[in-house]
Amino acid sequence: MAKLIYASNVSLDGYTEDERGAFDWAAPDDEVFVFITDLLRSVGTYLYGRRLYETMAVWETDSTLGAQSDLMSDFANVWKAAGKIVYSTTLAAALTANTRLERHFDPGAVHDLKATATSDLIVGGPNLAAQAFKARLVDECHLFVWPAVLGGRKPALPTDTRADLELLDERRFRNGVVHLAYRPL
């Protein structure tokens with residue numbers, strides 16, 4: 001069975017967005033960027049909400065991004081190689097190839113997808129991840145904790161679901177970011 005992985009940038013106080021709804025405070029340096037790209041190499045399918053999907057789609061729709069550096073080209077290739085499932089009630093059509101739209105998150109369908117997938121899945125975005133946590137579908141949680149305090153906006157982890165976690169790995173980067181990998185018990 002494939003793993004469902006939740007990965008997110010998060011501020012020290014637990015949020016994914018600043019007061020404006022932006023996440024530019026978490027722009028990775030080369031060391032973090034390489035680590036994130038390597039983490040995503042095992043992923044065959046991304047599960048996204050509309051907003052994160054539209055943000056990430058530029059890795060396929062804007063060819064100038066991948067041309068900026070070898071690191072960006074590698075990330076673009078890794079991102080484009082995976083299938084995408086986008087959960088949205090408002091998106092009319094997919095912006096990228098190998099992308100399927102779903103109107104609602106169906107835990108049973110995701111469980112079946114995990115059972116039949118030949119490579120891991122990743123859930124992106126805190127709202128979608130909260131639904132996956134609530135349905136007990138998340139197998140690993142990878143948090144990139146940034147040395148920033150945002151004061152609240154959108155929490156990275158569900159606030160209405162308990163999940164006890166076991167630490168699998170940790171790594172500190174030169175820029176002060178800490179990667180924490182957990183497995184729900």
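Summary table
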item: Cut-off 19 Å, label 7 Å out along Cα→Cβ of Asp74, residues of the range 35-60 by amide N; result: 35-44, 59-60
item: Check: the range 1-63 dipole with +1 on Lys, Arg Cβ and -1 on Asp, Glu Cβ, in debye; result: 460 debye
item: Relative contact order, percent, the chain [alpha-carbon distance under 8 Å, six or more residues apart]; result: 36 percent
item: Cβ charges +1 (Lys, Arg) and -1 (Asp, Glu), total dipole of the range 93-138, debye; result: 100 debye
item: The range 27-133 - percent relative contact order, Cα under 8 Å, separation 6 or more; result: 35 percent
item: Hull-based mean projected area of the range 112-171, where the convex hull spans the alpha carbons, in square nanometres; result: 5.4 nm²
item: Estimated [θ] at 222 nm from DSSP helical runs (n ≥ 4, -39500 (n - 2.57)) normalised by residues in the chain, nearest 500; result: -8500 deg cm²/dmol
item: Separation between Cα centres of the range 109-134 and the range 20-65, rounded to whole Å; result: 17 Å
item: Debye log10 I(q)/I(0) at q = 0.13 Å⁻¹ for the range 31-125, Cα point scatterers; result: -0.45
item: Protein accessible area in the range 47-162, 1.4 Å probe - carbon and sulfur %; result: 51 percent
item: Solvent-accessible area per residue, Å², over the range 14-138 with all protein chains present [probe radius 1.4 Å]; result: 49 Å²
item: Ordering of 162-168, 107-113 by burial proxy (mean other Cβ atoms within 10 Å per residue, highest first); result: 107-113, 162-168
item: Highest-first arrangement of 86-99, 7-20, where packing means the average Cβ count within 10 Å; result: 7-20, 86-99
item: For the chain, the Rg and Dmax computed from alpha carbons only, in angstrom; result: 15.7, 43
item: Cβ-placed point charges (K, R +1; D, E -1), dipole of the chain about Cα centre in debye, nearest 20; result: 520 debye
item: Cβ-based charge dipole, the range 46-163, positive-most Cα from Met56, Leu71, Ala130; result: Ala130
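The values are calculated or read from the model by the stated rules, or taken from the named source; none is laboratory data. Bear in mind the structure is a predicted one, so any value in this text is a computation, not a measurement. Quick reminder, even Gly has a Cβ in these numbers, built from the backbone with ideal geometry, and neighbours come from all protein chains shown. All accessible areas refer to the heavy atoms of the entire protein, side chains included, with ligands and DNA or RNA removed. Shrake-Rupley method; radii C 1.70, N 1.55, O 1.52, S 1.80 Å.
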